[in-house]
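Derivation of every value follows stated rules applied to the coordinates shown; laboratory data play no part. None of these values were measured; they are calculated from a predicted model. Ideal geometry is used to build each Cβ from the backbone, glycine not excepted, and the neighbour counts take in all protein chains shown.
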Amino acid sequence: MMGISMKIWNEASDKLKALKNQGRTEEHRNIEPELLFPLDYLTYGDKNSYFISCMVKNYPEKKWMNSKEIVQKYPAFENLPEDYVGNVSYDAGNVKVKNALNGFRILSETNGADLRYNSEVTSFDKSSITLTDGTTFTGRNVVICCGPFTIDKFDKNYTNVKVIPTETINFGGDLSDLPGIFYESSEKYSIYSLRDKHDFSCQKFGIHGEKDTDLTMEWAKERIPSKVKEIIGIDACFYTVTEGHEFIYKTNPDGVHYGYGLNGEGFKYMPAHGKIIYDGLITGDDTTYLKQLKAKI
Ligand SMILES: Cc1cc2nc3c(=O)[nH]c(=O)nc-3n(C[C@H](O)[C@H](O)[C@H](O)COP(=O)(O)OP(=O)(O)OC[C@H]3O[C@@H](n4cnc5c(N)ncnc54)[C@H](O)[C@@H]3O)c2cc1C
């Protein structure tokens, strides 16, 4: 999924650069074609924990730092237990969401898509969609991608999707003494953290599926005490997960297709999800990947 997504993000970025260089319209001249923002990703934690011990076993070729080396590299961390180990990946990063949404909109329109705004889908069947303004579209296939929060409204056959309220804490200030993305795994903590906001000026951290921020704050006070004074707010989120963390792509008995990106990673994998749906419905190219996915669902 990651490989296909990266390839399409990069292809889209190149196409946007070309449109910008051609400069045919003001909108094209204003394109911001950079879609990916590289960051270092530290995975670390108790070497005896299940997650970290599996990582060390499965990736022995990686350079595993001890806790002193981790702190040397990232001085914002404090009180790291001695039996912590960690590894940094440099091929990680974030998607520039605003550039990506705007860029994909422009590319879709350049390729002939007819996008409608501010008019909701009120009804549909396997070959037509009707909007609140009364417009009806007909076609060979209807794919519903109306989002994790609306699955229960539109997909009468939906199962195995859990919506879990989650709160993350954001802090600002100097972020240079921390990895751009990190994940700590130990018996006590399972903390994830990454850069956030349009200009990546803040860092959010939290625990998947944890509504209460008490444990997250306890972690911050112990692990990154110098950052606690830089806390600027709390974001509420609905973490929407499927069993086994799969992307949903299926056809219901009524012939309507459904595609949803979920599991806190649906955005970064969106190009791959789109390609899987496109390959399945338009080119009929039932790729190995799609077969694997169908087997899982
Ligand atoms: C707080 C939060 C943080 C996240 N962080 C990440 C992250 O770091 N990385 C990552 O990869 N993913 C992340 N995700 C997940 C990602 O945002 C989703 O997986 C992805 O947006 C799903 O895309 P979608 O197109 O299926 O749905 P959505 O993005 O929800 O889009 C659905 C669209 O359909 C519209 N809609 C709804 N009903 C109708 C209707 N009746 N008619 C017409 N339109 C309708 C909605 O307004 C919306 O614009 C996060 C999600 C949340 C909530």
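Brief remarks on what is shown
- Estimated dipole of the chain in Debye, rounded to 20 [Cβ of Lys and Arg +1, of Asp and Glu -1, Cα centre]: 660
- Unit charges at the beta carbon, dipole of the chain: most positive-side option, Tyr258, Tyr278, Gly206: Tyr278
- Student exercise, the range 1-151 dipole from Lys, Arg, Asp, Glu Cβ charges, in Debye to nearest 20: 360
- Between the residues Ile151, Ser176, Phe238, the greatest Cα displacement towards the positive end of the dipole of the chain, with unit charges on the Cβ of Lys, Arg, Asp and Glu, is found for Ile151.
- Spin-label zone in the range 150-186 - amide nitrogen under 11 Å from a point set 7 Å from the Cα of Ser201 along the C-beta vector: 172-173
- FRET efficiency estimate (nearest 0.05) - Cβ-Cβ, Lys156 to Lys7, R0 41 angstrom: 0.70
- Cross-link partners of Lys229 among lysines (Cα-Cα below 18 Å; sequence separation of 8 or more within a chain): Lys204, Lys221
- The range 145-228 - convex hull of alpha carbons, volume per residue in Å³: 121
- As a proxy for reagent exposure, Leu281, Leu115, Leu80 were ordered by neighbouring Cβ count within 10 angstrom, fewest first; the result is Leu115, Leu281, Leu80.
- Computed FRET value (nearest 0.05) for Glu230 with Leu107, which takes r as the C-beta separation and R₀ as 35 Å: 0.40
- Whole-number D in µm² s⁻¹ for the chain, Kirkwood Cα-pair radius fed into Stokes-Einstein, 20 °C, 1.002 mPa s: 99
- Think of the chain as a dipole: +1 on every Lys or Arg Cβ, -1 on every Asp or Glu Cβ, centred on the Cα centre; then among Gly103, Trp64, Phe77, Gly103 lies furthest on the positive end.
- The simple spin-label model puts a point 7 Å past each Cα toward its Cβ; for Leu281 and Tyr192 those points are separated by 2.7 nm.
- Sites Asp174 and Asp254, calculated FRET efficiency, Cβ-Cβ separation with R0 35 Å, nearest 0.05: 0.05
- For the chain, the longest principal axis of the alpha carbon atoms and the long axis of helix 214-223 meet at an angle near 50°.
- The alpha carbons of the range 1-129 occupy a box of 58, 41, 27 Å along the principal axes, longest dimension given first.
- Remark: the Lys63-Leu215 segment gains 51.7 nm on full extension, using 0.36 nm per residue and subtracting the alpha carbon distance.
- Within the chain, helix-based [θ] at 222 nm, where runs of 4 or more DSSP H residues each add -39,500 (n - 2.57), nearest 500: -8500 deg cm²/dmol
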